[in-house]
Amino acid sequence: MKLNTKRKLTKQEEKILENAWLGIDIDESKLSNILDVPTQFKEDSNLWYTNIMSNPDYIYFLCNYILNFQPAPFQLAILQEMWNRKFPMLIGSRGLGKTSLMAVYALLRMILMPGRKIVIAGAAFRQSRLVFEYMENIWKESPLLRDMFKDSENGPFVTGK
C-alpha cells in the first residue's frame, strides 16, 4: 500500500505524532494546573495552597524548600505513611532517622494544621528532648519557615515542666 505523502496532517494527528515517541497518550483536557487558585479561594488563596501542601504527594517540597531538610526517598515514604495514618507508630533500627523524622512530622503537622497541640513523649526524657532539639535546629536553619511565622512569637517551645 502506498502512503499518501501529499495530504496535510490535522492538528490532532500532529499532536499524536509529536508525543508518539513517548509511548503514552495524554488527554490534555484532563490536565490542570494546581497553582491556579479556584474562584471561591481568590480572597483567601493561602487556604488553597495550604490544602494543596497538606497532600502527602507534596511532602518533599515542604521538607526541602520550607523546612530545609533533604529526606532520603525511604524517609519520604515513611513520612507519607505517617501522614496518612490516624495513629502513626514508627519502629525502625539504628540509622533510620527516627528522631529526625518525628521532628519533621511534628513540624509539618504544626505548619499545616495550626492550633493543634503536639505532644512529644518518650520512654525517657532524653529521647523526647532530642526530638525537640531537632525541631529547634530545623527552625533555626530554615529561613523560609521562620519568615512564614515572623509576626508573632512562634517556633518550638516547651510548655510546662
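Bear in mind these aren't lab numbers, they're just calculated from the coordinates by the rules spelled out. Just so we're clear, the structure is a prediction, and the values are computed from it rather than from any experiment. Methodologically, a virtual Cβ is constructed for each residue, glycine included, from the backbone with ideal geometry; neighbour enumeration extends over all protein chains shown.
General remarks:
- Compactness of the range 52-94 was expressed as the Cα radius of gyration divided by 2.2 N^0.38 Å, which yields 1.18.
- Degrees between helix 73-84 axis and first principal axis of the chain (Cα, 0 to 90, nearest 10): 80
- The residues packed around PRO73, meaning those with a beta-carbon under 15 Å from its beta-carbon, carry a net charge of -2 if Lys and Arg are +1 and Asp and Glu are -1.
- Each Lys or Arg adds one and each Asp or Glu takes one away; over the other residues whose Cβ falls under 11 Å from the Cβ of ALA20, this sums to -3.
- Approximating the spin labels as points 7 Å out from Cα along Cα→Cβ, the LYS150-to-TYR65 distance works out to 1.9 nm.
- Temperature 25 °C, viscosity 0.890 mPa s: under these conditions the Stokes-Einstein estimate for the chain, based on its Kirkwood radius over C-alpha pairs, is 127 µm² per second.
- Cα centroid separation - the range 20-54 against the range 111-136, whole Å: 33
- In the chain, the DSSP-assigned H stretches of four residues or longer account for a calculated mean residue ellipticity at 222 nm of -12500 deg cm²/dmol, using -39500 (n - 2.57) per stretch and the full residue count as denominator.
- Under the combined filter of DSSP loop state and at most 14 neighbouring Cβ atoms within 10 Å, the range 24-132 retains these trypsin sites (Lys or Arg not before Pro): LYS42, ARG85, LYS86, ARG94, ARG116, LYS117.
- Distance between the pseudo-spin-label points of GLU43 and ARG126 (7 Å out from Cα toward the beta carbon): 5.5 nm.
- Length gained when the stretch ASP36-LYS11 is fully extended (0.36 nm per residue, less Cα-Cα span): 6.3 nm
- Degrees between helix 125-141 axis and first principal axis of the chain (Cα, 0 to 90, nearest 10): 50
- Under 19 Å from LYS150, Cα to Cα: lysines that are on another chain or at least 8 residues apart: LYS140
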